[in-house]
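Participant: Below is a structure I'd like to ask you about.
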Amino acid sequence: MAKKRKEAKKPVETRKRRALRKKEQRQQRMVLIGLGIVGLIVVGLLAMGLYQEYVAKPASPVAIVGDVPIRTDAYQKRVRLERFNLRRSIEYWERQKAMLDPEKEEDKFYIQLVDQQLQQLKSRLENVGVTVLQQMIDEELIRQKAAEEGITVTPQEVQLQIERAFGYERNPPTPTPTPITATLTITGTPTPTPTRMTEKEFKQAYKEFITSLQKQVGISEQEYRDIVAVILLREKLRQVLADKVPTTAEQVHVRHILLDSEEEAKEVLEKLKAGADFAELAKEYSKDEATKDNGGDLGWFPRGKWEKTFEDVAFSLEVGRISGIIKTSMGYHIIKVEGHEMNRELDPAYLAERRASALEDWLAKARNSDKVKRFWTPDKVPPEETPQVK
């Protein structure tokens, strides 16, 4: 009968061994916890990087106008659009230049004009980042001012503007027939009337254009229509601001004698103090060829037409008084005030000039007001790409 195997005795765990085992377990747990924390940190950093790259950066403003931010992603789309348009224009003018012969005298002048145009376009391409920023700030200023003035643009107006830009007229003017008389003699070949773009042709051209915009620069059809809308708002606002230009203003009637040096001015001033006639001295000494023969007469003018130092004296002198020597960028002046009225009708040519510049004058002030805050830096400009321009 086989002997029964003796059962292997289970080793007795001493207090020291038990403490060592627990210590090893704690160390393993700490390692696992540490690895978990490191993993969470890595995932967090990756998530933060993705958030910064795809959410925070695109949403960060390049500028804030009033309380409206101009987002970086919207700005970058417009930079790409402007580059796209400028490159197309450059390619067009380069094709025009290629058709000219630099050896022909009659072509040399046109080559110079084309070169000037190309230089301007390339300069605009180099500065496109800053230019687009200013354009978008102006557009937001215009939107907000138009809203204040109650100016709106309808979708129908936008559609008609787009159609006209493509050369399509949905309601072409009816041609007026020329009556033929018995004495009319027809010679030569009649010039054919240009074929107008049909609605079908317009829709096809517009579809291809929008597809190109989306593919080349990421501009959607609605974004393009918004750009067209602000163009129309700008023109409406231009008219509203022009109509608000006052037709009257405080004005002075002034004569002046312009001299090259302070020494000359002192000599003439002494003659005036001795009783010499102002108009006669202007004819003899003034360097202003436009007014000297008329006794230095500058006519009536409001504030804002001449340099501030000149105007400050002109508007402060009593009628009939002669000034001291006034230094401006033109030279040294002595003036005599012939008249001063607080509410005189503006000269029609000057009024037309003021009305024409009313929008730009307003924009110049608005751009530099506290309403506009800029956060633009060069790194906001998207990198150069090589678009497939067709």
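Participant: Quick query: amide H of Gly299 versus all other amide H atoms, modeled in the peptide plane; which residues come in under 5 Å with a sequence gap of 5 or more or a different chain?
Facilitator: Under 5 Å from the amide H of Gly299: Val254.
Participant: Using the beta-carbon distance between Leu118 and Leu272 and R0 = 56 Å, what value does 1/(1 + (r/R0)^6) give for FRET efficiency, to the nearest 0.05?
Facilitator: Values: r = 55 Å, r/R0 = 0.98.
Working from the Cβ atoms, E equals 0.55.
Participant: While we're looking at this one, here's another question. Amide H of Met197: which non-local residues (sequence gap of 5 or more, or other chain) have their own amide H closer than 5 Å, using H built in the peptide plane?
Facilitator: Glu169
Participant: Measure off 7 Å from each Cα along the Cα-to-Cβ vector at Arg71 and Phe375, then give the distance between these two points in nanometres to one decimal.
Facilitator: With each label point 7 Å from Cα toward Cβ, the separation is 1.3 nm.
Participant: What length, rounded to one decimal in nm, is gained on full extension from Val31 through to Ala290, with 0.36 nm per residue of separation minus their alpha-carbon distance? Working shown, then result.
Facilitator: Values: separation 259, 0.36 × 259 = 93.24 nm, distance 9.21 nm.
Using 0.36 nm per residue and subtracting the Cα-Cα distance, I get 84.0 nm.
Participant: Further question on the same structure: Output wanted: per-residue J couplings in Hz (rounded whole) for region 206-211, from phi through Karplus 6.51 cos²θ - 1.76 cosθ + 1.60, θ = phi - 60°, x for Gly and Pro.
Facilitator: These are the phi-based 3J(HN,Hα) values: 5, 4, 5, 5, 5, 4 Hz.
Participant: Taking amide H positions as placed in the peptide plane 1.01 Å from N, state which residues far from Lys287 in sequence (5 or more) or on other chains have amide H under 5 Å from it.
Facilitator: Hits under the 5 Å cutoff: Leu258, Leu259.
Participant: How much FRET efficiency would the formula 1/(1 + (r/R0)^6) give for Phe109 and Ile231, where r is the Cβ-Cβ distance and R0 is 41 Å, rounded to 0.05? Present the calculation step by step, with values, prior to reporting the outcome.
Facilitator: Details: r = 33 Å, r/R0 = 0.81.
Efficiency for this residue pair is about 0.80.
Participant: Need one number: nm distance between label points at Lys327 and Ser261, each 7 Å from Cα along Cα→Cβ, rounded to one decimal.
Facilitator: Inter-label distance under the simple model: 1.5 nm.
Participant: Now a separate question. How much length would be gained if the chain were fully extended between Lys215 and Asp297, taking 0.36 nm per residue of separation minus their Cα-Cα distance, in nm to one decimal?
Facilitator: Details: separation 82, 0.36 × 82 = 29.52 nm, distance 6.22 nm.
Result for the pair: 23.3 nm of gain on full extension.
Participant: So, R0 is 30 Å and r is the distance between the beta-carbons of Asp101 and Thr152; what FRET efficiency does that work out to, to 0.05? Display every interim value, and only then the final one.
Facilitator: Numbers: r = 52 Å, r/R0 = 1.74.
The calculated FRET efficiency here is 0.05.
Participant: Report the gain in length on full extension from Glu169 to Glu353: 0.36 nm times residue separation, minus Cα-Cα distance, nm rounded to one decimal. Write down the numbers at each step before the final one.
Facilitator: On the way: separation 184, 0.36 × 184 = 66.24 nm, distance 3.26 nm.
Computed gain between Glu169 and Glu353 is 63.0 nm.
Every number in this text was worked out from the coordinates using simple rules, so none of it is lab data. Note that the structure is predicted; figures quoted are calculated from it, not measured. Ideal geometry is used to build each Cβ from the backbone, glycine not excepted, and the neighbour counts take in all protein chains shown.
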